[in-house]
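Notes follow the structure.
The values are calculated or read from the model by the stated rules, or taken from the named source; none is laboratory data. As the structure is a computational prediction, the values presented were derived from the model and not from experiment. We place every Cβ from the backbone using ideal geometry, glycine too, and count neighbours over all the protein chains shown. SASA here: full protein model, heavy atoms, side chains in, ligands and nucleic acids out. Shrake-Rupley method; radii C 1.70, N 1.55, O 1.52, S 1.80 Å.
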Amino acid sequence: MWLPCGCTSKYVASSFARRILASHLHVSGRSRCNVAAFMPEAAGFEGVSGRAALRELSVSNSESFWAAVARHRLSWSIPFHTVQDCDLSRGKIKWFEGGKLNVSVNCLDRHVHTCPERVALIWERDERGSEMKYTYRELLEMTCRVGNLLRRHGVKRGDCVTIYMPTCPLAVASMLACARIGAAHNVVFAGFSADALAERIRDAQSSTVITVNQGVRGGKVIELKKTVDTAVESCPTVKQVFVAMRTDNPVTMTARDIEDVVCEPAVMNSEDVLFLLYTSGSTGKPKGLVHTQAGYLLYAALTHRYVFSYHDGDVFGCVADIGWITGHSYVVYGPLANGATTVLFESTPIYPDPGRYWDMVERLKINQFYGAPTAIRLLLKYGDQWVNKYDRSTLKTLGSVGEPINTEAWEWYHRVVGDGRCPVVDTWWQTETGGICIAPRPSDPDAEIVPGMAMRPFFGIKPVLIDTERCFGFLQGELLTSNNTSGALCMAQPWPGMARTIHNNHQRFIETYFQPYPGYFFTGDGAYRSEEGYYQITGRLDDVINVSGHRIGTAEIEDVVVRAQLSCPAVAESAVIGYTHSIKGQGVYAFVVLKKGIDVKEADLSRQLNGMVSEKIAKYASPDFIQFAQRLPKTRSGKIMRRVLRKVVESDLEGLGDLSTLDDPAAVQEIIQGRRCHV
Ligand code: 6R9
């Protein structure tokens, strides 16, 4: 059952509009069936005969579907007048225009109205067994304090606040406080280096940063405030840094007061910016994807409810860091919009031992567990005993996200963790999509699941496959309509959760997502559609790799490597390739060509390059292997043949393919001889 909307006179859902919609929407054909029991927001759709028809209607009549859902699920201060105004060929995406609402009111106030003492957050702190609970009333108070603090220090509607914090209640309150006062947030993963943080602060033009004195993860103290200090030195826009205390160690602090616990919410337009979130693309520069208020929140809430079969009262345990989109949508916004109890996981899967997740499941009585394949692969190597020690009978659904889940990991997750009784939902989506787009059983909790397949599109999502072979540059490939086929995964129709632009670079947004296949949103991924019409993601089609679920552009690493200095610049060029890694999914393999006349010990330089990548980007991006080469295989036009490097790294020498365009075939032989072994 959906919680009644917050019944202040200001925030009432428009039941009037819902009635109008219901009376003009009829789906003809099959016999009537009450889908409202499954999806109450669909109550107005007369004549819809079951879930398949509802899913059908969400695509064929998507405007009516999303209008009904938006009216039912969100509390509006002023109802929208236009459901959507989108044109994919121009990268124009607008939903629910005319509508006004506040995201923090939707996530907090309306639940405080009906059930103030319900637990909103369980903070699973790094120190095992020291979890802390915060009710909706407490989280609202904390949010209001932060909101007032920001307002008092001059943060205004439309400003962008950078949040560099570990997953903790104050980080969530800071995100919601921004939403409350109409500022955009820019959460930067606390594992990012000072340089990466500075780049994101500068690009977002933030004048305010919120951080903590120190983070704690896996028993180790992480000096977050010091990283911020270094970062802001190269960020002239930053005027103030707020520092919360995660540990007792003193730090030079900016003033921080306890404030009034009432903070008047700003009334925001549906299409005002809610947040920026930086992610890697195939060029060296990360892009700040922009999500807006109503559409994003609605999509996060709806997917949270139907993909995981969430029911009121459930404890939802998504172990992602809030610095990633998964943390935004399924730790914070989706669960809180639904009035759920959501877990904030601060630790690591193996601290203090490999039983950590399952001990937490038992202690916190988690009903839905949502994690990454890389952690599952790691834990399965430690053996079943770490799982079996703990009571997991509360678990109902197991989710997987971030990268493909291999069959062995899927089977183990299902058989051992879920005792063979919990469905495993392998969810495919991206920072760009705002929420889950393809998942095993979004509209039918009893549907069959094929291991390792993301399976079925969510309501309102229309995936298509396009032939990549016949696509030259921006020339179009053919739409693949049959089953049992593979191609570029694109979306044929807009949905409310999709990103609206790249901050300060709408042209790049259009070029990246809408120009490769005009009229479609291009995901950058390849997919296979089975005989039955189920989808399986086959991996990136661009130069983006996925290391332990972290997305990283190979060009970003190359940029750092070629900047390596000894007494003078040492590296002439570099090519970074992803290779299959049994735990991380993909590992990083770097080819490095030194400048002529450089005389260094390769081991020393390797160490230095690894250090630089950790320092400039993040630890996870640091190469697992560095191979020094005299030259790289190139085409006659001078392009590095990455396809050939990939085959060499994967030891697939049979599959090297056509080498006729190579400038000098001997370069390939040299590369093969110098191969570093990783299998
Ligand atoms: C949510 C998230 C997005 C990229 C995406 C794809 C890969 C995500 C996946 C998956 C196979 C899945 N990806 N989920 N690949 N199966 N279930 O991870 O967002 O960090 O933006 O990464 O991750 O390649 O394009 P983000």
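Being of a type outside the set (F, W, Y) and either closer than 18 Å to H503 by Cα or open to solvent by less than 10 Å² (accessible area, probe 1.4 Å) (or both) is true of V290. Can you confirm whether the range 321-334 contains a residue that is more than 17 Å from the chain's Cα centre (by Cα) and either among the polar types (S, T, N, Q) or at pLDDT below 95 (or both)? No: the range 321-334 contains no residue that is more than 17 Å from the chain's Cα centre (by Cα) and either among the polar types (S, T, N, Q) or at pLDDT below 95 (or both). Assessment of the range 342-362 against the conditions (free of Cβ contacts under 8 Å to residues at least 40 places away in the same chain and buried (at least 24 other Cβ atoms within 10 Å of the Cβ)) yields at least one matching residue. Candidates in the range 302-320 are the residues that are surrounded by 24 or more Cβ atoms within 10 Å (Cβ to Cβ) and within 13 Å of the ligand (Cβ to nearest atom); of these, the one that is farthest from W66 (Cα to Cα) is C318.
Restricting the first member to the range 221-232 and to residues that are among the small types (G, A, S), and the second to residues that are assigned to a helix (DSSP H, G or I), the beta-carbon pairs closer than 8 Å and six or more apart or on different chains are A231/A194; A231/D195; A231/L197; A231/A198; A231/I201. So, of the residues in the range 546-556 that are in a strand (DSSP E or B) and open to solvent by 10 Å² or more (accessible area, probe 1.4 Å), which turns out to be farthest from the ligand (Cβ to nearest atom)? The extreme case among them is H550. Considering (1) within 28 Å of A36 (Cβ to Cβ); (2) hydrophobic (A, V, I, L, M, F, W, C); (3) within 16 Å of the chain's Cα centre (by Cα), the lone condition that A447 does not fulfil carries the number (3). Every condition in (1) acidic (D, E); (2) assigned to a strand (DSSP E or B); (3) under 24 Å from L632 (Cβ atoms); (4) within 16 Å of the ligand (Cβ to nearest atom) is met by E573 except one, and the failing one is (4). Among residues of the range 235-251 being assigned to a loop (DSSP other than H, G, I, E, B) and over 30 Å from R128 (Cβ atoms), the one that is most open to solvent (accessible area, probe 1.4 Å) is K239. Which condition from (1) on the phi > 0 side of the Ramachandran plot; (2) within 13 Å of the ligand (Cβ to nearest atom) is the one that G519 breaks? Every listed condition holds for G519 apart from (2).
Taking the criterion of being away from the ligand (no atom under 12 Å from the Cβ) and open to solvent by less than 30 Å² (accessible area, probe 1.4 Å), the residues of the range 522-533 that qualify are R529, S530, G533.
Checking each residue in the range 419-428 for being open to solvent by 10 Å² or more (accessible area, probe 1.4 Å) and within 13 Å of the ligand (Cβ to nearest atom) picks out D426, W428. When the test is whether a residue is farther than 24 Å from S282 by Cα, open to solvent by 60 Å² or more (accessible area, probe 1.4 Å), part of a helix (DSSP H, G or I) and of a type outside the set (A, V, I, L, M, F, W, C), E654 passes it. Of the residues D559, D542, the single one that is touching a Gly at 6+ places or on another chain (Cβ under 7 Å), touching a residue at least 40 places away in the same chain (Cβ under 8 Å), outside any strand (DSSP E or B) and away from the ligand (no atom under 16 Å from the Cβ) is D559. Restricting attention to the range 429-446, the residues being open to solvent by 10 Å² or more (accessible area, probe 1.4 Å), away from the ligand (no atom under 13 Å from the Cβ) and touching a helix residue (DSSP H, G or I) at 6+ places or on another chain (Cβ under 9 Å) number 4. Within the range 38-78, being out of contact with any Lys or Arg (no Cβ under 9 Å at 6 or more places or on another chain) and open to solvent by less than 30 Å² (accessible area, probe 1.4 Å) holds for A42, F45, L54, L57, S58, S64, F65, W66, V69, A70, L74. Quick one: E127 ticks every box in (1) touching a Ser or Thr at 6+ places or on another chain (Cβ under 7 Å); (2) within 29 Å of K619 (Cα to Cα) except a single one, so which number is it? Only one criterion is unmet by E127, namely (1). Just to be sure, is G460 modelled with pLDDT of 95 or more, more than 18 Å from G281 (Cβ to Cβ) and either open to solvent by 20 Å² or more (accessible area, probe 1.4 Å) or within 13 Å of the ligand (Cβ to nearest atom) (or both)? No. Each residue in the range 87-114 was checked for being open to solvent by 10 Å² or more (accessible area, probe 1.4 Å) and out of contact with any Lys or Arg (no Cβ under 6 Å at 6 or more places or on another chain), and 12 of them qualify.
Restricting F45, F38, F96 to those that are modelled with pLDDT of 95 or more and among the hydrophobic types (A, V, I, L, M, F, W, C) reduces the list to F96.
In the set Q586, Q608, Q630, only one residue is touching a residue at least 40 places away in the same chain (Cβ under 8 Å) and open to solvent by 80 Å² or more (accessible area, probe 1.4 Å); that residue is Q630.
Rundown of residues vs (1) under 19 Å from G327 (Cα atoms); (2) within 17 Å of the chain's Cα centre (by Cα); (3) open to solvent by 20 Å² or more (accessible area, probe 1.4 Å), yes/no style:
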| position | (1), (2), (3) |
| --- | --- |
| M165 | yes, yes, no |
| A177 | yes, no, no |
| V188 | yes, yes, no |
| G191 | yes, yes, yes |
| D203 | no, no, yes |
| S207 | no, no, yes |
| N213 | no, no, no |
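Pairs needed: first member in the range 324-337, under 19 Å from W428 (Cβ atoms) and within 12 Å of the ligand (Cβ to nearest atom); second member anywhere, assigned to a helix (DSSP H, G or I) and of a type in the set (S, T, Y); C-beta distance under 7 Å; at least 6 residues apart or different chains. Once the first residue is under 19 Å from W428 (Cβ atoms) and within 12 Å of the ligand (Cβ to nearest atom) and sits in the range 324-337, its partners that are assigned to a helix (DSSP H, G or I) and of a type in the set (S, T, Y) give I325/T431.
Restricting the range 369-404 to residues that are under 18 Å from Y330 (Cα atoms) and away from the ligand (no atom under 16 Å from the Cβ) leaves a set whose member that is least open to solvent (accessible area, probe 1.4 Å) is L395.
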